[in-house]
Amino acid sequence: MIGIVSYGTYVPKYRVHTEDIAHAWKKNPMEIISALGVTEKTVPNVDEDAVTIALEAALQSLSYFKGKPSEIEALLVGSESHPYAVNPSSTIIGELLGVGTSYVAADLEFACKAGTAGVQMIAGLLSAKQIKLGMAIGSDTAQSKPHDALEYTSASAGSALILGSSNVVASLLSYTSYSSDTPDFWRRDGIRYPSHAGRFTGEPAYFAHVMGAAKLLFQKSKLQPKDFDYCVFHMPNGKFPREVARRLGFTSEQLGPSLTVDHIGNPYSASSMMGLSSVLDVVKPNKKICMISYGSGAGSDAFVWKTTDALVTIQKKRKEQNGLVSQQIARKSYVDYLGYLKQTHKV
Amino acid sequence: MNITVAGIGMTKFGELWDASPRWLAGQAVTAAIRDSGVEKKSIQGLFVANMLSGMLGMQGHLGALFAEELGLSGVPAYTVEGACASGGLAVHAGVMSILSGQYDTVCVLGVEKMTDHKPELVSSALMGAGSNEERLAGATFPGLYAILARSHMEKYGTTEKQLASVAVKNHFHASLNALAQFTHPITVEQVLRSSCVADPLKLLDCSPVTDGAAAVILTKHQSKKSGVHIVASAVATDTLGLAGRKSLTELVATKQAALKAFTQAGVEQKDIQFAEVHDCFTIAEILAIEDMGFGRKGEVGTNMEKGIYTLGTAEHIVINSSGGLKGCGHPIGATGVKQIVEVTSQLRGVCGKRQVKQARVGLTHNVGGSGATAVVHILKT
């Protein structure tokens, strides 16, 4: 059975309060926090980018992996903040991981679902028996223009999944995708910050695609929300995942452990993968997880994961090494708005 | 004046992401023609009300565009633009065209597609209705109406709570209107707690960005299906910018248009049982009620809180039974036409839960900009 062999996460140390951003723009902080449901977000250090963050997550995933890095035969890195327009992040990361040269590498871009697109592609290679092990990474230092609504949530983090056909900690029972040409959010080549279509990013974009993917997944897997123990969604803010979970019939108990957005904001490609990792950190064996990402433009990847007894070992190691998502979130230091601008190279 | 409103039609108002302007127009006009019982070939003129298509969608020449789209090619077709009063002006132009003897039967279409465009572009385009000085100063219409609200508060002691009561009333009415953008009631507390847009106006004091279309078939002939007639159609104008006004606590164009309309119709304020007025912002409804003489200056706010303009508790006149611009939505070019649709529906007695009892005389009031254009129609059975 194909599934997750190991996983790793990286949450940058720095945070900026939503309140500080709001004050800088003479906005009412309580209105912003109430509207978005996010009180603080991660800020990359001045020398961190999508590659360094991806590398940190990948290294952590390898630290729980019993094999060698050279056994990784596919490395796909999803991000919308790849440091280079031309020059792959995946080979930089592969080189630093010691993967060697016998592997397929590619950078992926599909807004906030580029990481999960990589998961599906590696699952396909595994099913076709083209590879035995592959790594999919979602990593971003999310861009947002100062004073744009995105500035309150755009965050940084990375999540890496090693996928294989044996010794899995979570089996991949089913997966599917839902895609359409829906221009809700975009960034043209050479333009520093993304644009978005305001309220259009809601109903016809996020909700239509997440719910569309959910329905396809439920049909394909013959499972219903009540059959799952946990659910994970892309988290552009604190409200959307809660609302889509409610509409689909999931309970707050099923959703709760995945809601990293409340503490770190929206690290774009890493958002849903970080939510999944957060659930994997606490879930018991033999539990089913429904995971649905969302990427603007637009599409959703949907997965059914079922945890195994092997997960307990990784959970234990992650806890011992202060590597749980919750532990990484708790390790933090605040910067003010000016510090945020400096560390994200805006000034 | 006795122009028959033979047919009416309108789309749902709201964020209609899947609807194009052509689709919206088609839905409204088809419904209006079907409602009228008039054959399409009998329509001799088409008046299209729209403000933003040229600026946001780069599509002008809407008269010919929609004549083709609606299967009216060959029919004289006109685009009428008067900012938020475009719809009212187009109805006025349609009425005038019949009164002139040029046409017997015309179609008036109001259509606006706003949600395809970024909010800042919509705000900027809407300021096309303001003066150059206001644009250069960075003013927006929420800001201009905030100046009017603040002036009214200082002169008459009008309160933010009284302004909020307008929005509460109109959301209540909209909750009874299936075609309205907002069909949920709100409370004064929710209005007061909503985000400040331009002090003292909060988010829920402001009408929304809306997609929608409305259409009416007007004719000089009597209609077997509709006994509703336009008995007055009046327009007045004022300075484009607020700086040129003598008073910031009244809209002179509204007063002048209303006076003309009352004279044309031979009716007085006390004869009007219900009115659709231009509540682009809550202060605008208070000004409209005062300026048309449905309430004394400075007293309307207090009375609004008491519910004397609300369905079910109204003492004399019901204001904005459709939900108004605030509750039903404000697709700029369509608004003035929708007001005719609502008043006609009320006079036909087909408004269900929001029906004004024994409705016989109704009025519409449509404003462009911050009061530079005002259009008033009076309709009777």
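Worth pointing out:
- Flag for residue A:250 being buried (at least 19 other Cβ atoms within 10 Å of the Cβ), away from chain B (no Cβ under 14 Å) and in a loop (DSSP other than H, G, I, E, B): yes
This table checks each residue for (1) in the same structural domain as residue A:240 (by TED's automatic domain parsing); (2) at pLDDT below 95; (3) assigned to a loop (DSSP other than H, G, I, E, B); (4) within 24 Å of residue A:156 (Cβ to Cβ).
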site	(1), (2), (3), (4)
A:273	yes, no, no, yes
A:290	yes, no, no, no
A:319	no, no, no, yes
A:329	no, no, no, yes
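- Total residues in region A:1-32, condition away from every other protein chain (no Cβ under 13 Å), in a helix (DSSP H, G or I) and of a type outside the set (S, T, N, Q): 5
- Unique residue being surrounded by 24 or more Cβ atoms within 10 Å (Cβ to Cβ) and of a type in the set (D, E, K, R) when the list is A:301, A:309, A:262: A:301
- Residues that are away from chain B (no Cβ under 11 Å), over 25 Å from residue A:279 (Cα atoms) and among the acidic types (Asp, Glu), drawn from region A:186-231: A:189
Here's the yes/no breakdown for (1) buried (at least 20 other Cβ atoms within 10 Å of the Cβ); (2) assigned to a strand (DSSP E or B); (3) under 15 Å from the mean Cα position of the chain (by Cα); (4) away from chain B (no Cβ under 14 Å):
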| position | (1), (2), (3), (4) |
| --- | --- |
| A:38 | yes, no, no, yes |
| A:48 | yes, no, no, yes |
| A:51 | yes, no, yes, yes |
| A:70 | no, no, no, yes |
| A:90 | yes, no, no, yes |
| A:99 | yes, no, no, yes |
| A:106 | no, yes, no, yes |
| A:117 | yes, no, yes, yes |
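- Residue satisfying condition, being buried (at least 22 other Cβ atoms within 10 Å of the Cβ) and touching a Lys or Arg at 6+ places or on another chain (Cβ under 6 Å), within set B:51, B:10: B:10
- Scanning region B:13-30 for residues that are more than 11 Å from every other protein chain (Cβ to nearest Cβ) and either in a helix (DSSP H, G or I) or without any contact (Cβ under 8 Å) to a residue 40 or more places away in the chain (or both) yields a total of 10.
- Qualifying positions in region B:31-54 - without any contact (Cβ under 8 Å) to a residue 12 or more places away in the chain and in a loop (DSSP other than H, G, I, E, B): B:39
- Some residue of region B:229-246 being crowded, with 24+ Cβ neighbours inside 10 Å, among the hydroxyl-bearing types (Ser, Thr, Tyr) and assigned to a helix (DSSP H, G or I): no
- Taking the numbered list (1) within 14 Å of chain B (Cβ to nearest Cβ); (2) surrounded by fewer than 22 Cβ atoms within 10 Å (Cβ to Cβ); (3) in contact (Cβ under 8 Å) with a residue 60 or more places away in the chain in turn, residue A:178 passes all entries but (1).
Here's the yes/no breakdown for (1) more than 11 Å from residue B:169 (Cβ to Cβ); (2) surrounded by fewer than 24 Cβ atoms within 10 Å (Cβ to Cβ); (3) of a type in the set (Ser, Thr, Tyr):
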residue	(1), (2), (3)
B:258	yes, no, no
B:261	yes, no, no
B:271	yes, yes, no
B:286	yes, no, no
B:290	yes, yes, no
B:299	yes, yes, no
B:315	yes, yes, no
B:327	no, no, no
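- So residue A:168, is it touching a Gly at 6+ places or on another chain (Cβ under 7 Å), of a type outside the set (Asp, Glu) and in contact (Cβ under 8 Å) with a residue 60 or more places away in the chain: yes
- Residue check, residue B:214 more than 20 Å from residue B:31 (Cα to Cα) and at pLDDT 95 or above: no
- Residue-level check: of (1) crowded, with 24+ Cβ neighbours inside 10 Å; (2) modelled with pLDDT under 95, residue A:340 misses just (2).
- Which listed residue, of B:163, B:218, B:192, is of a type in the set (A, V, I, L, M, F, W, C), at negative phi, surrounded by 20 or more Cβ atoms within 10 Å (Cβ to Cβ) and assigned to a helix (DSSP H, G or I): B:163
- Filtered residue count, region A:119-161, keeping only those that are over 11 Å from the mean Cα position of the chain (by Cα) and farther than 30 Å from residue A:191 by Cα: 13
- Number of residues in region B:76-99 that are within 11 Å of the chain's Cα centre (by Cα) and hydroxyl-bearing (Ser, Thr, Tyr) equals 1.
- Scan of region B:356-372 for residues that are surrounded by 18 or more Cβ atoms within 10 Å (Cβ to Cβ) and part of a loop (DSSP other than H, G, I, E, B), ordered by number: B:356, B:359, B:369, B:370, B:371, B:372
- Qualifying residue in region B:278-293 (condition: more than 17 Å from the chain's Cα centre (by Cα) and without any contact (Cβ under 8 Å) to a residue 40 or more places away in the chain): yes
- Filtered residues of region B:258-282 (kept if in a helix (DSSP H, G or I), closer than 29 Å to residue B:204 by Cα and out of contact with any Gly (no Cβ under 9 Å at 6 or more places or on another chain)): B:282
The values are calculated or read from the model by the stated rules, or taken from the named source; none is laboratory data. Not measured: the values here are computed from a predicted model. Positions of Cβ are generated from backbone atoms using ideal geometry, with glycine treated the same way; all protein chains shown enter the neighbour counts.
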